[in-house]
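The values are calculated or read from the model by the stated rules, or taken from the named source; none is laboratory data. Treat the numbers as computed from the prediction; the structure is a model and nothing was measured. Positions of Cβ are backbone-derived with ideal geometry, glycine not excepted, and every protein chain shown enters the neighbour counts. Accessible surface is based on the protein model in full, side chains and every heavy atom, while ligands, DNA and RNA are left aside. Shrake-Rupley method; radii C 1.70, N 1.55, O 1.52, S 1.80 Å.
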Amino acid sequence: MKTIYKNLHKASLAMLTSAALLCASLQVSAAEFTLPAYQKTVLDNGLTIYLMEQDEVPLIEVVAMVKVGAVNDSKAGLAEITASNLLLGTQALEREAFQETLDFIGTNTNSGASLEYSFVSASLASKDASVVMPLLKDVITAPALRESEFTQLKTRYLAGLERQKESPRAKIGTFFNALVYGSHPYANSVSGSVSSVSGITLSDVKAFHQQWYRPENTAIVVAGDFDSAQMLKELKKLFATWSQSATSASKSPTANTLMVKVANLNKARVLLVNKEDATESTFYIGGKGIKRSNKDFVAVSVINTILGGRFTSWLNDELRVNSGLTYGARSRFSSNKDAGTFLISTFTRTETTTEAIDLALKTYEKLWKAGIDSDTLESAKAYVKGQFPPRYETASQLAFLLGQMFVYDFDESFINTFSQQVNELSVEKSKKIIQEYFPKENLQFVIIGKAEAIKEQVQKYGEVIEADIKDDELVLP
């Protein structure tokens, strides 16, 4: 028996040693992680091209990133509707022929929009680049935009918007942005509403595409297994005839304009959104955040990891593990080009709404009252560094990263100095980061639930504004 225990002990030590070596290896790889080499070229017509060779597998990822999104909508949802219509054929190929061509060679495509950019992406075998690249060029520069396809897509899209009215998690982000950003375009709903999308016509889509899908407003990113010199030659040939607009596309709102709007959060408010049949309350708590290019973006991310960015975070421990009030609680910074938001998010039973909110606020206050000790900070730093490299492992992830660098005005130093920035975060610096970037006063609350059951209790958090989840448009006082 002693021999068995001794062998088990040796085996356990071996496993622990292996685990320790693995952890050390991961930390070293995280510390040494840098963005792979890439080539950036701006053509005479203003089109930006990024090329990153990754020859591990014979695949290519292509992302066309256009600096246009919901902030540019004349009708809410127009950027998303336009992006969704791009893959429904080209002027030379009907939708069925277009999709059959791509399906036959196993090419996956996608398109969509966000607040500040729209994209078209494709994942393809390297050997099929000569077939796919011309099709993508046509999709971006000369999509079909036929009435029959537009009408069918719009019908499906409207049905999806109707379903969203039954989902607090689908709607709460739009409500929160509206509360924080007010009349600024950052409050625009990316998906739009039933009433706004109903009013979008094919002529609107064509005009939107013509105005914004221009070479000077676009980046083509190619990552994967290819020869850069040959790919650049082909892209120059493909896009040479794509001409600039007579006047540059309108710029999105300036940082100064935006910050004035956000800074006007001079009182705590509660947007109480009624869902008559709700048995639980879904809520966001937060306020102003940071822009994507903020110099302290990495430090803020580390501190947020402690608060609500991982399963063992303070918020999840208190609201899920210790109290059982929810299945999960998180916090996050959502960053745009000129500003962003910070929010705490979770859900709970209707009868425990204020108990959960109170506990979330009490936990959040720990940032100032107790602060972050060195052991907690070092744990978060190790976690963040370990999670970082896997976020940029695939050609698709790297392609989208380069596209976001194009949109949000940050460069590879974010990647190449990431571990250094994490390592430099001290307990003393964390205090300054908390004071500067984590909103403490005049918090904004969005609560979606059975309003009648919780209205009186939530008044203690701030001025109450009422709405209904089925409302098509939110009008704030």
Specify whether the C-alpha gyration tensor of segment 44-200 places it in the rounded, prolate or oblate class, a ≥ b ≥ c being the square roots of the eigenvalues: rounded for a/c under 1.5, otherwise prolate if a/b is larger than b/c and oblate if not. prolate
Let me have the relative contact order for the chain, percent, based on Cα pairs under 8 Å that are six or more residues apart. 22
So which GluC sites (Glu not before Pro) in segment 367-429 end up in coil per DSSP with only 13 or fewer other C-beta atoms within 10 Å? Glu393
The set of residues whose placed amide H lies less than 5 Å from the amide H of Val464, leaving out same-chain residues fewer than 5 positions away, is Val270
Using the Cα gyration tensor of the chain, with a ≥ b ≥ c the square roots of its eigenvalues, what is the shape: rounded (a/c below 1.5), prolate (a/b larger than b/c) or oblate (neither)? oblate
Could you pull out the GluC sites (Glu not before Pro) across segment 123-170 that fall in loop regions by DSSP (anything but H, G, I, E, B) with no more than 16 other Cβ atoms inside 10 Å? Glu166
Using DSSP loop states and a limit of at most 11 other Cβ atoms within 10 Å to flag trypsin sites (Lys or Arg not before Pro), what is the longest stretch of the chain containing no flagged site? 1-250
Karplus-derived HN-Hα couplings along segment 353-366 (A = 6.51, B = -1.76, C = 1.60, θ = phi - 60°), whole Hz, x at Gly and Pro: 4, 6, 4, 5, 5, 4, 5, 4, 5, 4, 5, 4, 5, 4
Label-to-label distance, nm, for residues given as Glu276 and Arg169 (7 Å Cα→Cβ offset): 2.5
Along the chain, longest interval not containing exposed chymotrypsin sites (Phe, Trp or Tyr not before Pro), exposed being DSSP loop plus at most 13 other Cβ atoms within 10 Å: 1-310
Output the Cα-based Rg and Dmax of segment 38-136 in Å, rounding Rg to one decimal and Dmax to a whole number. 14.9, 44
Overall form of segment 358-477 per C-alpha gyration tensor (a/c, 1.5; a/b vs b/c): oblate
Cβ-derived FRET efficiency at R0 41 Å, Val475 paired with Ala97, nearest 0.05: 0.35
Kirkwood Rh in Å, taken over all unlike Cα pairs in segment 91-169: 14.6
Under 20 Å Cα-Cα from Lys288, which lysines qualify once same-chain neighbours fewer than 8 residues away are excluded? Lys171, Lys261, Lys267, Lys337, Lys362, Lys366, Lys431, Lys432, Lys440
Computing the accessible area with a 1.4 Å probe over protein heavy atoms, can you report the carbon and sulfur percentage for the chain? 51
Output needed: percent of Cα pairs per 5 Å distance bin for segment 408-451, bins running from 0 to the one holding the longest distance. 5, 14, 13, 15, 17, 12, 11, 7, 4, 2
What is the antiparallel percent of DSSP beta bridges lying wholly in the chain, to the nearest 5? 70
Quick one: accessible area per residue over the chain, 1.4 Å probe, rounded to a whole number of Å²? 47
Translational diffusion of segment 419-477, µm² s⁻¹ [Kirkwood Rh, Cα pairs; Stokes-Einstein; 4 °C; 1.567 mPa s]: 85
Quickly work out the Phe104-to-Gln244 label distance, labels modelled 7 Å from Cα along the C-beta direction, and quote it in nm with one decimal. 4.0
How many angstrom separate the Cα center of segment 323-356 from the Cα center of segment 124-142? 42
